[in-house]
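Visitor: Below you will find the structure I want to go over with you.
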Amino acid sequence: MRIYDVSLTVDQNLPVWPGDPPFQRVRLSKIEEGANANVSQITMGVHTGTHVDAPFHFLPDGTTVEAMPLDVLVGPALVVQLPEEVDVVNDHALAQANIPKGATRLLLKTRSSEFWSRKPLKFETDFVGIDASGADYLVERGVELIGIDYLSIAPYKHSRPTHEKLLGARMVIIEGLDLREAQPGQYMLYCLPVKLGGSDGAPARVILIQE
Ligand SMILES: [Zn+2]
């Protein structure tokens, strides 16, 4: 059995969405200054690093993070490698990927994975996202969970149609996966977002297990 940690490390080096608050961690009490324990405070947006989107992120009446279904967040998942030349995940690109019927959890590994190897990390705008036709394709196929290897499931500056379609179909969205180590194929997925009440998103620890 091998465990793949496909979560990003959340620290001040992590790029965040333009306009979102930067991650900050401040140690409020310090043992070396006489405190009984080290205690930190963090400031971050809920869409920081590896995270889930709840329907409320784009739908005014949508459900929030604590209601996300654990039986979708955990289960068999397929890592799908899309070719280097795919810049936008449209219906054509998904049809070409030969996704087996009945695959309900898909994690898309794209050329964006390589961004996580760049140092220092910075926010990249030319990441690969799913367009409206790709979203329709996934909804029609009955996909229940979709993940991607950069900070949005939709192309930069085209967030709404894709998110609306996917979240409107109650699909779970995982963004900011680090799939560099995970080869295409079948895994057991465990995605456990922090149970934030009333929230439109939440950071998650996501692992893949290959048996
Ligand atoms: Zn998000």
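Laboratory data are not the source of any read-out in this text; all were calculated from the coordinates shown. No experiment lies behind these values; they were computed from the predicted model shown. Virtual Cβ from ideal backbone geometry, glycine too; neighbours counted across all protein chains shown.
Visitor: Only counting other Cβ atoms within 10 Å, I'd like 158, 57 sorted with the fewest neighbours first.
Guide: Listed from fewest to most nearby Cβ atoms, that is 158, 57.
Visitor: I would also like to ask the following. With θ set to phi - 60°, apply the Karplus curve 6.51 cos²θ - 1.76 cosθ + 1.60 along segment 82-87 and write out the HN-Hα couplings as whole Hz, x wherever there is a Gly or Pro.
Guide: 9, x, 2, 7, 7, 9
Visitor: Sticking with this structure for a sec: So in the chain, what percent of DSSP beta bridges are antiparallel if you round to the nearest 5?
Guide: 70 percent
Visitor: To the nearest 500 deg cm²/dmol, what mean residue ellipticity at 222 nm is calculated for the chain from DSSP H runs of n ≥ 4 alone, each contributing -39,500 (n - 2.57), summed and divided by the residues?
Guide: Value at 222 nm, helices only: -3500 deg cm²/dmol.
Visitor: Please report, in whole Å, how far the alpha carbons of segment 39-83 spread along each principal axis, starting with the longest.
Guide: 39, 30, 23
Visitor: Order these by the 10 Å Cβ neighbour count, fewest first: 118, 27, 111.
Guide: Arranged by neighbour count, lowest to highest, 118, 27, 111 become 118, 27, 111.
Visitor: Moving to a separate point now. Exposure proxy check: 39, 206 ranked by fewest other beta carbons within 10 Å?
Guide: 39, 206
Visitor: Based on the Cα gyration tensor of segment 130-210, what are the three equivalent ellipsoid semi-axes, each the root of five times an eigenvalue, rounded to whole Å and given largest first?
Guide: 20, 17, 13
Visitor: Next up: Quick one: work out Rg over Rh on the C-alpha atoms of segment 73-156, Rh as Kirkwood radius.
Guide: Reported Rg/Rh (Cα atoms, Kirkwood Rh): 0.97.
Visitor: Further question: Need one number: nm distance between label points at residue 28 and residue 40, each 7 Å from Cα along Cα→Cβ, rounded to one decimal.
Guide: Result: 1.5 nm between the two label points.
Visitor: How are the C-alpha pair distances of the chain spread across 10 Å bins, as whole percents from the shortest bin up?
Guide: Distribution as computed: 8, 35, 37, 14, 4, 1, 0 percent.
Visitor: Rounded to whole Å, give me the distance from the Cα center of segment 141-173 to that of segment 82-125.
Guide: 13 Å
Visitor: Calculate how steeply helix 159-168 sits against the longest principal axis of the alpha-carbon atoms of the chain, using the helix alpha-carbon long axis, and give the answer as 0 to 90 degrees to the nearest 10.
Guide: 80 degrees
Visitor: State, to one decimal in nm², a quarter of the convex hull surface area for the C-alpha atoms of segment 17-131, i.e. the direction-averaged projected area.
Guide: The number I arrive at for segment 17-131 is 11.4 nm².
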